[in-house]
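J.: Quick one: this structure, given as structure tokens, is what I'll be asking you about.
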Amino acid sequence: MTISEAAPQGAGILIVDDDPANLAALEAVLEPLGQRVIRATSGREALRHLLHQRFALILLDVRMRDMDGFEVASLIRARPSTQATPIIFVTAFHEAEESMRRAYRLGAADFIFKPYAPDFLRAKVGVFVELYNREQAISELLVQAQEASRVKSEFLNMAAHELRTPLSVVIGYLSMLSDGTLGEPPDRWQRALEMLNLKTAELNKIVEDLLAAARLASGAFPEQVAECDLGQLAREAMERVSARAELLNAETELEVPAEPIIVRADAVHVSRILDNLLNNALTYVRGRPWIGLRVRVHDGEATVEVEDHGVGIPEHIRERVFERFFRANDPQLPPHPGTGLGLFISRELANRHSGRLQVLRSTPGSGSTLSLSLPVADLKPQVAGSSRSP
């Protein structure tokens, strides 16, 4: 059985020559590589093979009667599926200069001159086969990673939805127990009800984060972009966190320009980012919390900076904190609820608004500053009568 008749294993090598003796010689030289070798006795036959198979390499004779190698190469390069397939031209040495000029214009990978040394040819082809095999291995890993990510996203979406319904029921009944709808609760229940309400709120936040991460991964995250005042959103975010800050005896500072700072964004998404940054600033701290929130405009970009005097972020994990499910646990801090999705979701939302979320600066033990930057909206008034009807 010849190599061309063997089962299709390994990378395919297409050899093209209208002389059967030359094809037989090439096949014999390539046999020790253990790859599929496919013969084509004309340019048209080679093109037919390329319609149905991928090849690691094409060995293409320049001088053929029906259609020369340059014509075949030109047609190969014209097809999107074969544009990048490496071509090694085989030509006589006395034709080298002119052939090389034309071949390189057609994207030739290399040249082999007749008569060729078998070991040299085999080594050269072996390099392209190895490159092809590595490319295939990387492609397969990418497909596997994409599939794993898809399955993970589907699971997160399903799990969040399945948890959401019973959790809503629990929250509803707890609310009715707490407000007396089901009868005035005994005093001894108050502490238990407070704890249950606190923990269901934490669980609800986890479910919402799982659902948001799954929707972001699938591209199905709802969005309503409109002009909004970033300064006002910052004030509202600080107001929302004020109750927790007061409970922790935290010191807060707010610096927002008096004039509106208009950005085009989904106000709910931007508020979610700011809430996450402020709550992290209150969470990752050893002593009395201090947080500062500043809004600035520079060169057509609006930036919100959230600064804290917390534990800081070591330099080697400043990008990792934005990864999905990453949690930078400090042994000196008590355990706190969460999924490690907050900053991941926040950066994804910032990216969707053509913005940036980054660790601006951080010193372990002294604190961090994270910044959200968004483009300022172009509020140029439209000139009257400038629009044209079709």
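The values are calculated or read from the model by the stated rules, or taken from the named source; none is laboratory data. Quantities reported herein were computed from a predicted structural model and do not represent experimental measurements. When we count neighbours, we look across all protein chains shown, and the Cβ atoms used for this are built from the backbone with ideal geometry, even at glycine. Ligands, DNA and RNA are excluded from the accessible area calculation, which covers all protein heavy atoms including side chains. Shrake-Rupley method; radii C 1.70, N 1.55, O 1.52, S 1.80 Å.
J.: Determine, at each q value in 0.23, 0.25 (inverse angstroms), the log₁₀ of I(q)/I(0) that the Debye formula gives when each Cα of the stretch 277-372 is one equal point scatterer.
T.: With one equal scatterer per Cα and no solvent, log10 I(q)/I(0) is -1.34, -1.52.
J.: Next question, about the same structure. If Rh is defined by the Kirkwood formula over all Cα pairs and Rg also comes from Cα, what ratio Rg/Rh do you get for the stretch 121-169? Display every interim value, and only then the final one.
T.: Details: Rg = 21.3 Å, Rh = 14.0 Å.
My calculation of the ratio gives 1.52.
J.: Roughly how big is the chain's charge dipole about its Cα centre, with Cβ charges of +1 (Lys, Arg) and -1 (Asp, Glu), in debye to the nearest 20?
T.: Working: 43 positive and 52 negative charges, 59 e Å.
Here the chain has a charge dipole of around 280 debye.
J.: What are the radius of gyration and Dmax of the stretch 93-217, computed over its Cα atoms and given in Å?
T.: Gyration radius and largest Cα-Cα distance of the stretch 93-217: 33.4, 104 Å.
J.: What Kirkwood Rh does the chain have if only Cα atoms enter the pairwise 1/r average? Answer in Å. Don't skip to the end; give the middle numbers.
T.: On the way: mean 1/r = 0.0369 Å⁻¹.
By the Kirkwood definition, the hydrodynamic radius is 27.1 Å.
J.: Between beta-carbons, use under 12 Å as the cut-off and find the net charge around LYS124, counting Lys and Arg +1, Asp and Glu -1.
T.: Within the 12 Å Cβ shell, the charges total -2.
J.: Can you give me the relative contact order of the stretch 19-70 as a percent, contacts being Cα pairs under 8 Å and 6 or more apart?
T.: Details: 22 pairs, mean separation 15.1, N = 52.
Value for the stretch 19-70: 29 percent.
J.: Keeping the other protein chains in place, figure out the carbon and sulfur percent of the accessible area of the chain, with a 1.4 Å probe.
T.: Values: 12010 of 22060 Å².
Here carbon and sulfur together make up 54 percent of the probe-accessible area.
J.: In Å, what Rg and Dmax follow from the Cα atoms of the stretch 212-266?
T.: 15.3, 41
J.: Another one. Kindly rank 280-288, 156-164 from highest to lowest mean number of other beta carbons found within 10 Å of each residue.
T.: Output ranking for 280-288, 156-164: 280-288, 156-164.
J.: At 222 nm, what value in deg cm²/dmol follows for the chain if DSSP H runs of at least 4 each add -39500 (n - 2.57) and the sum is divided by all its residues, to the nearest 500? Walk me through the intermediate numbers first.
T.: Details: 9 runs with 178 residues, N = 390.
Result for the chain, helices only: -15500 deg cm²/dmol.
J.: Using only the Cα atoms of the stretch 285-341, what do you get for the radius of gyration and for Dmax, in Å?
T.: Spelled out, the Cα radius of gyration and Dmax of the stretch 285-341 are 14.2, 42 Å.
J.: May I pose another question? Could you provide, to the nearest whole Å², the per residue accessible area of the chain with probe 1.4 Å? Don't skip to the answer; put the middle values down first.
T.: Details: 22060 Å² over 390 residues.
Result: 57 Å² per residue.
J.: Relative contact order of the chain, please, whole-number percent, based on alpha carbon pairs below 8 angstrom and at least 6 residues apart. Mind showing how you got there, number by number?
T.: Values: 561 pairs, mean separation 38.6, N = 390.
It rounds to 10 percent for the chain.
J.: In Å, the Kirkwood hydrodynamic radius of the stretch 165-305 over pairs of distinct alpha carbons? Kindly include the intermediate steps, with their values, before the conclusion.
T.: On the way: mean 1/r = 0.0560 Å⁻¹.
Final number for the Kirkwood radius of the stretch 165-305 is 17.9 Å.
J.: Explain nothing, just compute: Karplus ³J(HN,Hα) = 6.51 cos²θ - 1.76 cosθ + 1.60, θ = phi - 60°, for every residue of the stretch 111-123 in order, whole Hz, x for Gly and Pro.
T.: My calculation for the stretch 111-123 gives 10, 10, 9, 7, x, 9, 7, x, 5, 5, 4, 4, 5 Hz in order.
J.: While we're looking at this one, here's another question. Measure nothing but the geometry: give the 0 to 90° angle between the long axis through the Cα atoms of 43-52 and the longest principal axis through the Cα atoms of the chain, rounded to 10°.
T.: 30
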